[in-house]
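Since the structure comes first, as structure tokens, the remarks are kept for the end.
The values are calculated or read from the model by the stated rules, or taken from the named source; none is laboratory data. Predicted, not measured: the structure shown is a model, and the values here were computed from it. Glycine gets a Cβ as well: all are built from the backbone with ideal geometry, and neighbour counts include every protein chain shown.
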Amino acid sequence: MSSTRPDFLPQSVPFSDRILERQVGSCRLLILPVEVENVVSWLGSFTSNPVFEAGDELRQSLVISMLDKGTRRRDRFEIADVLENRGAELHFRDRGIRIGFSGRALKEDVADVMDVMAEQLTEPLFDREEFLKARLRIAASIRRSIERTGVRASRALRQQMFSPAHPNYSFEPEIELANLDEMTLDSLQAYHQGHFGSEAFTLVVAGDVDADEMEEIVARCLGHWSGNNAAPGYETAARIGAPSWLPLQMPDKTNIDVRMGHPLAVRQNEEVYTTLYIANFILGGNFSSRLMDIVRDEMGLTYGVNASLTGINRHYDGYWLVNITLSEDKLEEGLEATKNVLADFVAQGATADELADKKTTLTGTFKVQLATTNGLAATILRGLERGFGRDYLDRFPEWIEATTLEEINGAVKAHFDPGSLHTALAGSIPENITIQG
């Protein structure tokens, strides 16, 4: 396992033996002391359980956009002074059914910066003027998306595979704009009160840190934060239906974005997920993937084509997605070539050389992710969110190396079905195109 150990960590000590775990109120706190001078990074998240059909996705985005606009104790200028004077960073992220946050500071400033973060999470100001600005920004973003071929194709594809109650569904922009227009500051405050804080609240800290001191800081800043009572407001399973062909005409758009996909009844905490992840990486995960080698490099039909496992976590289904951008004159040939590569991959499987090459790439990329305190904290948190223990950093490279070619090709045949792909495309689409599935 030494191949995955950052230079600043002892080569012989497993990560699982160095990560310390404490329970502070509703917070699961994990601490990784690192021999790097005077720098501390942290990442955390909690489940918010939005009700997607009720417009909570936009409501949650609005709340998050206002967290750095002031608290009940400090206005946004005072907060900016605290961070800028210390060279510190704080960020908040909307992650569907989860809300994420991160920070970075010098060791002597961690207590002050985390105190600001706790205020932002638990006591946001909800200033009316900032609310109106945020609503306008989101509305402008929605309107811009109407002219983007990739967004239009992705939306149509997701509507075929998921119901409006599923986190992966994508509403029409007209519906989003109407929901946004009806949202009030009171509804944001109610959402914050009902959906922020959680029994599934996890915080990971890595760097030049003393575990007892960090536990005291978290207890002082966030120990009082109780869990929310929001029940999951979303469906967990994708639709299983007949393949569809969804051409969206967008005149004057010379490039045509194509999205092909079908649901995957797989969760991230299942063993087969890692196997499928490796398989898909061979097929379309990077610039040396099979799709890129054949469709772009050999045939010259596109600048970019890729495949991914999308919208999957341990709580709900996602989908297998193939993206390709094609010009009008190469649309039919490009679609046919892509479908042929997919069909051959499922029928014939990956090769031993492809698997060996991608194992090297994946384990090498994993090592690079662990080269900073932020990367360490992010990777630990990702493993916990997937449902694994604090030994995820040690085990993930082992899972990659232990995966066999037979497992790869068996999983591909069991879960990837080119004949079941929905296809959505947006742009100036020729009327006489014949490939429709």
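Please work out which residue is nearest to residue 56 (Cα to Cα), limiting yourself to region 250-262 and to residues that are touching an Asp or Glu at 6+ places or on another chain (Cβ under 9 Å) and surrounded by fewer than 22 Cβ atoms within 10 Å (Cβ to Cβ). If you could, list the steps in order and put the result at the bottom.
Going residue by residue through region 250-262, those that are touching an Asp or Glu at 6+ places or on another chain (Cβ under 9 Å) are 250, 253-256, 262.
Keeping just the survivors that are surrounded by fewer than 22 Cβ atoms within 10 Å (Cβ to Cβ) gives 250, 253-255.
Working: 250: 30, 253: 32, 254: 35, 255: 33 Å.
Once the filter is applied, the top-ranked residue is 250.
Just to verify a result, which residue in region 89-147, among those that are of a type in the set (Val, Ile, Thr) and within 15 Å of residue 221 (Cβ to Cβ), is surrounded by the most Cβ atoms within 10 Å (Cβ to Cβ)?
Step one: filter region 89-147 for residues of a type in the set (Val, Ile, Thr), giving 97, 99, 110, 113, 116, 122, 138, 142, 146.
Those left that are additionally within 15 Å of residue 221 (Cβ to Cβ): 110, 113, 116, 122.
On the way: 110: 25, 113: 23, 116: 23, 122: 16.
Of everything passing the filter in region 89-147, 110 is surrounded by the most Cβ atoms within 10 Å (Cβ to Cβ).
Would you pick out the residues in region 316-361 that are in contact (Cβ under 8 Å) with a residue 60 or more places away in the chain and polar (S, T, N, Q)?
Selection gives 323, 325, 327, 338, 361.
Quick one: which of 178, 153 is under 23 Å from residue 134 (Cβ atoms) and either at pLDDT 95 or above or of a type in the set (D, E, K, R) (or both)? Break it down into steps so the answer makes sense when it comes.
On the way: 153 fails: under 23 Å from residue 134 (Cβ atoms).
Unique residue meeting the criteria: 178.
Would you mind listing the helices (runs of 4 or more DSSP H) fully within region 358-433 where at least 3 residues are more than 29 Å from residue 162 (Cα to Cα) and among the aromatic types (Phe, Trp, Tyr)?
On the way: elements: 373-385, 392-402, 405-415.
By residue number, 392-402.
So which of 223, 194 ends up being surrounded by 13 or more Cβ atoms within 10 Å (Cβ to Cβ), at negative phi and either among the hydroxyl-bearing types (Ser, Thr, Tyr) or under 26 Å from the mean Cα position of the chain (by Cα) (or both)?
On the way: 223 fails: either among the hydroxyl-bearing types (Ser, Thr, Tyr) or under 26 Å from the mean Cα position of the chain (by Cα) (or both).
Sole residue among the options that is surrounded by 13 or more Cβ atoms within 10 Å (Cβ to Cβ), at negative phi and either among the hydroxyl-bearing types (Ser, Thr, Tyr) or under 26 Å from the mean Cα position of the chain (by Cα) (or both): 194.
Return a yes/no flag: does region 47-64 have any residue that is in contact (Cβ under 8 Å) with a residue 12 or more places away in the chain, over 21 Å from the mean Cα position of the chain (by Cα) and crowded, with 17+ Cβ neighbours inside 10 Å.
The answer is no, given that none of the residues of region 47-64 is in contact (Cβ under 8 Å) with a residue 12 or more places away in the chain, over 21 Å from the mean Cα position of the chain (by Cα) and crowded, with 17+ Cβ neighbours inside 10 Å.
Can you find even one residue in region 298-310 that is among the acidic types (Asp, Glu) and either in contact (Cβ under 8 Å) with a residue 12 or more places away in the chain or in the same structural domain as residue 154 (by TED's automatic domain parsing) (or both)? Walk me through how you get there before you give the answer.
Applying the first criterion (among the acidic types (Asp, Glu)) to region 298-310 yields 298.
So of that shortlist, the ones also either in contact (Cβ under 8 Å) with a residue 12 or more places away in the chain or in the same structural domain as residue 154 (by TED's automatic domain parsing) (or both) come out as none.
There is no residue in region 298-310 that is among the acidic types (Asp, Glu) and either in contact (Cβ under 8 Å) with a residue 12 or more places away in the chain or in the same structural domain as residue 154 (by TED's automatic domain parsing) (or both).
Considering only residues that are among the aliphatic types (A, V, I, L, M) and at pLDDT below 95, look in region 238-247 and name the one that is surrounded by the fewest Cβ atoms within 10 Å (Cβ to Cβ). Let's see the steps before the verdict.
Restricting attention to region 238-247, the residues satisfying the condition of being among the aliphatic types (A, V, I, L, M) are 238, 240, 242, 246.
Among the residues that remain, those that are also at pLDDT below 95 are: 238, 240, 242.
Values: 238: 24, 240: 11, 242: 8.
Only one residue tops the list, namely 242.
Going residue by residue through region 76-96, is there one that turns out to be touching a residue at least 40 places away in the same chain (Cβ under 8 Å), touching a strand residue (DSSP E or B) at 6+ places or on another chain (Cβ under 8 Å) and closer than 21 Å to residue 375 by Cβ?
Yes: one or more hits.
What's the total number of residues in region 216-264 that are β-branched (Val, Ile, Thr), more than 25 Å from residue 277 (Cα to Cα) and not assigned by TED's automatic domain parsing to the domain that holds residue 412?
2
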